[in-house]
Amino acid sequence: MAKQLTVKFERMLQSQGFGSRRYCRQLIESGRVSVNGSKQTDPQRELVSENLQFTVDGTRWQYRDKVYLLLHKPIDYECSRNPQHYPSVLSLLPPQLQERGVQCVGRLDADTTGLLLLTDDGPWLHQLTHPKHHVPKRYLITLKHPCDESQLQALHEGVLLHGETEPCRAKNLEVRGERLLAMSIEQGKYHQVKRMLAAAGNRVEALHREQFGKLTLGDLAPGEWCYLDDAQTTLAEALE
Ligand code: URA
């Protein structure tokens with residue numbers, strides 16, 4: 001039988017973003033934490049981490065070794081820990097997740113909305129953002145000018161962006177309206193979609209990411225987020 005993984009109570013609480021070890025010890029000793037339904041006050045107790053649930057001041061949490069999140073990024077939020085002009089997307093998350101060091105998987109511009117992944121799993125983040133993995137990201141693009149055939153052709157065949165050596169191609173280009181396009185890109189260069197549309201002779205008025213790999217936003221409203229539980233499966237699917 002596989003050995004069950006255990007974790008010391010105060011360390012477990014610290015790993016989930018509840019503050020320093022000392023502070024977590026105090027939380028436990030003052031009776032504010034329950035584990036799997038019963039109050040536990042010994043901070044040194046070893047707990048089985050699998051399916052571990054706990055409450056802090058009555059709020060329920062599931063123990064997670066790593067967290068994988070899907071957020072519907074609203075307009076006027078920055079994908080940065082140190083935002084310059086707007087609040088950080090991290091401010092949309094509970095403080096415990098911020099404390100865990102969650103980072104954005106790639107960035108969306110402040111005026112771009114839509115699907116954003118976040119995680120505290122460094123290797124996972126690296127795999128998803130590494131150019132060799134070619135994870136397609138799909139965008140819905142509202143244009144300033146009606147899109148004509150020559151622009152579509154340029155996007156399809158590839159446009160050379162300033163400072164780049166290889167042309168960037170739009171995949172699965174779809175015309176959804178006179179000034180509405182959907183397209184996928186596999187790289188994540190700085191302002192890539194906006195620069196591609198500018199290079200094709202148009203201008204992006206609004207940009208929304210609707211898909212990352214196979215992941216979509218589902219019913220999430222702007223500002224809402226959810227855990228991606230089975231993240232390994234999700235990763236495999238995203239990379240397909
Ligand atoms: N391309 C852009 O130009 N901006 C984004 O936010 C994402 C892709």
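Since every read-out is calculated from the coordinates, none of them should be taken as a lab result. What you are looking at is a predicted structure, and each value in this text was computed from that prediction instead of being measured. Don't worry about glycine lacking a Cβ; one is built from the backbone with ideal geometry, like all the others, and counts go over all protein chains shown.
Mind listing which GluC sites (Glu not before Pro) in the range 1-105 are in a DSSP loop and have 11 or fewer other Cβ atoms within 10 Å? The partial results should precede the final answer.
Working: sites: Glu10, Glu29, Glu46, Glu50, Glu78, Glu99; in loops: Glu50.
Those satisfying the criteria are Glu50.
Put +1 on the Cβ of each Lys and Arg and -1 on the Cβ of each Asp and Glu in the chain; which of Val56, Cys24, His72 then has its Cα farthest toward the positive end of the dipole?
Among Val56, Cys24, His72, the one farthest towards the positive end of the dipole of the chain is Cys24.
Quick one: which residues, 5 or more positions from Ser88 or on another chain, have an amide H under 5 Å from its amide H? H modelled 1.01 Å from N in the peptide plane, none for Pro or chain starts.
Glu78
Can you give the relative contact order of the range 103-228 as a percent, counting alpha carbon pairs under 8 Å and 6+ residues apart? List each step's numbers first, then the result.
Numbers: 196 pairs, mean separation 43.3, N = 126.
34 percent.
For the chain, set up a GNM with springs between Cα atoms under 10 Å and report which of Thr55, Thr112, Thr142 has the largest fluctuation.
Residue with maximal mean-square fluctuation among Thr55, Thr112, Thr142: Thr55.
Starting from the 7 Å offset along Cα-to-Cβ, what nm value, one decimal, do you get for the label separation of His162 and Glu149?
3.1 nm
Kindly write out, for the range 155-163 in residue order, the coupling ³J(HN,Hα) from the Karplus curve 6.51 cos²θ - 1.76 cosθ + 1.60 (θ = phi - 60°), rounded to whole Hz, with x marking Gly and Pro.
Residue by residue, the range 155-163 yields 5, 5, 7, x, 10, 8, 8, 3, x Hz.
Pop the C-beta distance of Gln62 and Ala221 into the FRET formula with R0 = 22 Å and round what comes out to the nearest 0.05. Don't skip to the end; give the middle numbers.
Details: r = 23 Å, r/R0 = 1.03.
The formula returns an efficiency of 0.45 here.
In whole percent, what relative contact order does the chain give with Cα contacts below 8 Å and a gap of six or more residues? Before the final figure, lay out each step's value.
Values: 445 pairs, mean separation 46.7, N = 240.
Dividing the mean separation by the residue count of the chain yields 19 percent.
Would you pull out the residues with amide H under 5 Å of Glu224's amide H, same chain only if 5 or more places away, H placed 1.01 Å from N?
Under 5 Å from the amide H of Glu224 lie the amide H atoms of His72, each far enough along the sequence or on another chain.
When the dipole is taken about the Cα centre of the chain, and only Lys, Arg (+1) and Asp, Glu (-1) are charged at their Cβ, what size is it in debye, to the nearest 20? Numbers along the way, then the final one.
Working: 30 positive and 30 negative charges, 132 e Å.
Rounded to the nearest 20 debye, it is 640 debye.
Between Arg45 and Lys132, what is 0.36 nm times their sequence separation minus the Cα-Cα distance? Round to one decimal in nm. Intermediate results must be reported in sequence, preceding the final value.
Working: separation 87, 0.36 × 87 = 31.32 nm, distance 4.42 nm.
Difference between extended and current length: 26.9 nm.
When the C-alpha atoms of the range 136-212 are aligned to their principal axes, what extent does each axis show, in angstrom, from largest down?
Answer, in whole Å and largest first: 31, 27, 19 Å.
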